[in-house]
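Values in this text are rule-based calculations from the coordinates and carry no lab data. Remember, predicted model here, so these are calculated numbers, not experimental data. Quick reminder, even Gly has a Cβ in these numbers, built from the backbone with ideal geometry, and neighbours come from all protein chains shown.
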Amino acid sequence: MLLAAPLVAVALTLAAGAILFTLLGYDGAGAVRSIFVTPLFDPYRWQDLLVKAAPLALIATGLSIGFRANVWNIGAEGQYVLGGLAATDVALLTHEMEGAWILPAMVLAGILGGMAWAAVPAALRTRLGVSEILTSLMLNYVAIQLLYYLMRGPWKDPMGFNFPQTVLFSASQTLPMAVPGTLIHWGVPLAAILALAVWFAVGRTVAGFQIRVVGLAPDAARYGGFRERATVWLALLAGGGFAGLAGALEASGPFGQMVPAFPTGYGYTAIIVAFLGRLNALGILVAAMVLALTYVGGESAQTAIGLPAAAVGVFQAMLLFFLLAADVLVRYRVARSAAHGAVTPAAASAPAGGSAAEPAASKRRQPVEAA
Amino acid sequence: MFEITRRRLLTTAGSLATVSAFGLPARAQGKDKVKAAFVYVGPVGDYGYSFAHDQGRKFLEEKLGDKVETSFVENVAEGPDAERVIRQLAQGGNDVVFATSFGFMNPTLKVAKQFPDVKFEHATGYMTAPNMAAYNSRFYQGRAVLGTIAGMMSKSGKGGYVASFPIPEVVMGIDAFTLAARKVNPNFTTQVVWVSSWYDPAKEADAAKALLDQGVDVITQHTDSPAPLQAAEQRGAIAFGQAWDMSSFAPNAHMTAIVDHWGPYYVQEVQKLLDGTWESHDVWLGMQEDVLEMAPFNPKMPDDVKAAAQKIVDETKAGTYEIFTGPIKDQKGELKAKDGERIPDADLLKLDWYVEGVNA
Amino acid sequence: MSAMLLISVVMGIAGAATPILIAALGELVVEKSGVLNLGVEGMMLIGAVTAFAVSVHTGSPALGCLAAMLAAALSSLIFAVLTLTLTANQVATGLALTIFGTGVSALAGAPYVGITTTRLGSIFPQALAEDPWLRVLFGHSPLVYLGLILTFGVWWFLARTRTGLVLRAVGEGDEAAHSIGYPVLKIRYLAILFGGAMAGLGGSYFSLVLTPMWAERLTAGRGWIAIALVVFASWRPAWVLAGAYLFGAVITLELQSKAAGFNAFAPEFLSSLPYLATIVVLAVISAGRRSAKTRAPACLGRPFRASA
């Protein structure tokens, strides 16, 4: 049942996409084939998919923790950038050094950098009640300007002809390959392991339970004595930490240096991944692969049938539209069949209990009252 | 969806640090047909930098007909995404891959090492390998023509420059523009406004308007959208197109444009592959090689200005005019090049100072 | 600062503020009804490309504006069906709408790259609109005046009309509104369509007034500013107006100070000013926010299902 919605959504996207692009004068069936099918039969493309999916899965895993608690961190892009910058800072400071400790230090700095950037919306929401949706989003723009500034001035490679980029990282600063002879670096298995770890933690630990309860029923959470303020902090720091980790891994892995083009929209795409994966760690791993497929396949489709790059966005949007629609239809059935049983997520997330639910909803954008 | 993420850092650089990679030099061997692929940093619909490269690709198809088969990938982010696309193109049986943005340099080099039998050509960078060539255009030569027109036509003696990021190519353009303008009007000054974006039409238009409000009557730009031109058109000022003839956007304001004319170079390179004579190289081309052209002068331009502008074009083509020839002073008045001394290419390619008359 | 320069600055501010103002007013009505639509940027792009295409084919920019409203409203219908009828998550659906609008506008706009069209002209006689002094009153684009009228209209509708009252009631308590017989879903559908039309009109400002042309991602993120503005204004139309003009002022003064040769700060710092300013003002307003009037609609972002 849980699988039904994503599968239906993918099927509908393929069908609607084929029709839409045929109407627009392209080879619709060819578009669908070269985006969604051809790459799957090419072992090289599988490497590309895994490498592209890893940061998406990492960031989405972190975001899903917040989304479960109804904390809407739209600022993963900025947190990813800050993670990359913090790792780069360590790399530049240790450029003359060698040692196995350097790479872990970079990764740690990245996590802390992402957390620090996420702490701003967390503090503003818990202290002043400012919506984290907007502050985290605004900080994305600021993070990118900070990156531009550092690339243009302080961190510019002195031997780099005044091009705005840092030196290439040394061997001790570069993420090694997990599978020698391929492109699959250690970030790929790490993303999978961490997603599973979070899946376990959210399902099995008290903190995870708290997050789920705060998200589903803030009222009940207050009665239960959970601290909403702490949950907001946890949710944002987790999102920032994961995004920062992804930034550090991308900088030390595939990029191998810091460049102005470092932000590539992973922070935004990861939001789709989180929803496509139903905020579930296993789902997120699959969703990250599907989104990676739209990018990698989209590039093939450009060369194979001359499909414009913008088509990828249309496919991604349709995928999400259909998933959200199918999701609800499936949820309805679950809710109905469980009507006599336990409270289902569907029932809880769409409160039908009249005024009792109202304060719960009103908490969404409101100052968090003292715990 | 979020515009800021993918900007090319269009830069220029040259031939100094040639990086040699392993892999054997290609054997001379002709072909009947060449498969060529192009990688663009922006959408071909930007009507600016990537658009101009794609016009070059179309020119190539037109000239060589069925001896060439081309494809392209647009909107490619610099970094790992570019590496993946370039590798995919190399695996896809292309004989040559043109990577057209500075930020594609390291990714291209990586892939070039893995595919010694495929040729790579990288625009505006400084790395080469036995199977990876570098090519670049002397955009600043066109800036000198614009500066001459600006210096002669400006009544206020103040020009406005809507600029993206202070990288060597942009700095070079600002300096060349100002040097040329001051040759005809020694009091000419250039006011630069950095918009910190390659493409943000609203901000570019507002920047141009702000400059016009401050009394400039010439607008030039190193950003990709025609928005500054349209702002100049609305205010009755003059302006110049960027990368392509943009006169359709501003029939009165558009005096001329620097046209990136990559087509002839692409034809030449593919022809070399057909003949089996391709060799790695590092070239910085310009008007002499027809890679850079000026769009037709606006009929509204006074005849003496037309003549002076055409003279710069002719002398540049003849190799007798070089804007970066001393005496050149920087902003602080310090002499950077003595009378008759030419700033060497190596220094130009990492230029980071402004000449007298620039306010940046 | 000379008087002429001051007039120019004022006109610059009005120009920079107007598209955000119009889009934000639409979003305000949507949010007042209890729905959060993050698809503004996508709808603005759909509006921008439609306005341009229709203007090119008919030669009438005014018709282009109308078509932009229609097209963007149609795209908002996707959002409405998903979030209202199918009770899908509003944040995710809104994001999807932005991605959709960005992609669709790029595809649909491809044939229109590289051409221009007639600028949406002034509604006043040329003598008034181009007078060096009077232009401060008469020289603006019609959309600038429309933005002011819409601000008043939206305020009047929400504060003084019965339908406005119902809309607010729906936003504050959908279950309660439903139980007294208000058509919750119908109201929200209409609010979303209005929001879409306004986003489309705001988008048309880019392709018909600011820069009469089409290029991919023409609005360059202004839709997100519009959403921020609604919260910034604590869901009050007059404050949306003030916020939009403040934002316009920050952008205009940033560029004016650079154009005047003031370069004590790194350009990157000035470029991030509008975003930092938004955060600071949000914080200040939230810190001083005590009265019930300034609160978010109680049901914002929450799905409603007519049960029971």
Using alpha carbon centers only, the range A:37-104 is separated from the range B:194-211 by a whole-angstrom value of 32 Å
Long-range amide H partners of B:V68, meaning residues 5 or more apart or on another chain whose placed amide H is closer than 5 Å, are B:V34
When the charge dipole of the range A:4-365 is computed with +1 at the Cβ of Lys and Arg and -1 at the Cβ of Asp and Glu, the Cα pointing farthest to the positive end, of A:L279, A:F209, A:P164, is that of A:F209
Shape call for the range A:4-365, from the Cα gyration tensor axes a ≥ b ≥ c (a/c under 1.5 means rounded, otherwise prolate when a/b beats b/c, else oblate), comes out oblate
Using alpha-carbon positions, the gyration tensor of the range B:39-182 gives root eigenvalues a ≥ b ≥ c; with a/c under 1.5 called rounded, otherwise prolate if a/b exceeds b/c, else oblate, the class is prolate
Where a ≥ b ≥ c are root eigenvalues of the Cα gyration tensor, a/c under 1.5 meaning rounded, otherwise prolate if a/b exceeds b/c and oblate otherwise, chain C counts as prolate
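About its Cα centre, how strong a charge dipole does the protein assembly as shown have in debye, to the nearest 20, once Lys and Arg get +1 and Asp and Glu get -1 at the Cβ? Show your work: numbers first, answer last.
Working: 74 positive and 73 negative charges, 738 e Å.
That gives a dipole near 3540 debye.
About its Cα centre, what dipole magnitude does chain B give when the only charges are +1 on Lys and Arg Cβ and -1 on Asp and Glu Cβ, stated in debye to the nearest 20?
Working: 36 positive and 46 negative charges, 53 e Å.
Magnitude of the dipole: close to 260 debye.
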Scoring the range C:195-308 by relative contact order with C-alpha pairs under 8 Å, at least six apart, yields a percentage of 24 percent
Along the range B:138-145, Karplus-curve 3J(HN,Hα) (6.51, -1.76, 1.60; θ = phi - 60°) to the nearest Hz, with x for Gly and Pro, reads 7, 4, 5, 4, x, 4, 5, 5
Partner aspartates and glutamates whose C-alpha sits under 16 Å from that of B:K113, ignoring same-chain residues fewer than 8 away, are B:E83, B:D95, B:E121, B:E279
Contact order relative to length for chain B, counting C-alpha pairs under 8 Å separated by 6 or more residues, stands in percent at 20 percent
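When the helix-only estimate is applied to the protein assembly as shown (DSSP H runs of n ≥ 4, each -39,500 (n - 2.57), divided by the residue count), what is the mean residue ellipticity at 222 nm, nearest 500 deg cm²/dmol?
Value at 222 nm, helices only: -18500 deg cm²/dmol.
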One finds the C-alpha centres of the range B:264-288 and the range C:1-62 to be spaced, in Å, by 47 Å
Computed over the range A:234-320, the relative contact order (Cα-Cα under 8 Å, seq sep at least six) in percent reads 15 percent
Karplus-derived 3J(HN,Hα) from phi for the range A:159-171 (6.51 cos²θ - 1.76 cosθ + 1.60, θ = phi - 60°), whole Hz, x at Gly and Pro, runs 9, x, 6, 6, 7, x, 7, 7, 5, 6, 5, 7, 4
Total charge of the residues flanking A:F161 in space, meaning their Cβ is under 11 Å from its Cβ, with Lys and Arg +1 and Asp and Glu -1, is -2
Straight-line reach check, B:K119, cutoff 18 Å on alpha carbons, 8 or more apart in-chain or any other chain, hits among lysines -> B:K31, B:K33, B:K35, B:K67, B:K110, B:K272
Inter-part gap, Cα centre of the range A:114-161 to Cα centre of the range C:118-171, in whole angstrom, is 36 Å
In whole Hz, the Karplus estimates of ³J(HN,Hα) for the range C:46-51 (6.51, -1.76, 1.60; θ = phi - 60°; x where Gly or Pro) are 4, x, 4, 6, 5, 4
Among C:P142, C:F152, C:A215, the residue whose Cα sits farthest towards the positive end of the charge dipole of the range C:61-216, when +1 is placed on the Cβ of each Lys and Arg and -1 on the Cβ of each Asp and Glu, is C:F152
Expected integer from the mean partner chain Cβ neighbour count at 10 Å over A:297-310 is 6
For the protein assembly as shown, the charge dipole (Cβ of Lys, Arg +1; Cβ of Asp, Glu -1; about the Cα centre) points to a positive end, and the Cα of B:M153, B:L273, A:Y80 closest to that extreme belongs to A:Y80
For B:H122, the residues 5 or more places away or on another chain with a placed amide H closer than 5 Å to its own amide H are B:A99, B:A133, B:A134, B:Y135
Straight-line reach check, B:K332, cutoff 17 Å on alpha carbons, 8 or more apart in-chain or any other chain, hits among aspartates and glutamates -> B:D175, B:D352, B:E356
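Charges at C-beta only: +1 for Lys and Arg, -1 for Asp and Glu. How large is the resulting dipole of the range A:1-143 about its Cα centre, in Debye rounded to 20?
The calculation lands at about 500 debye.
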Longest principal axis of chain C (C-alpha) makes with the long axis of helix C:222-232 (C-alpha) an angle, in degrees to the nearest 10, of 60 degrees
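Could you list the GluC sites (Glu not before Pro) in the range A:64-98 that lie in coil according to DSSP, counting only those with at most 12 other Cβ atoms within 10 Å of their Cβ?
Passing both the DSSP loop test and the Cβ count: A:E96, A:E98.
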Violations at 21 Å Cα threshold for listed pairs B:K183/B:K350; B:K209/C:K258; B:K306/B:K350 -> B:K183/B:K350; B:K306/B:K350
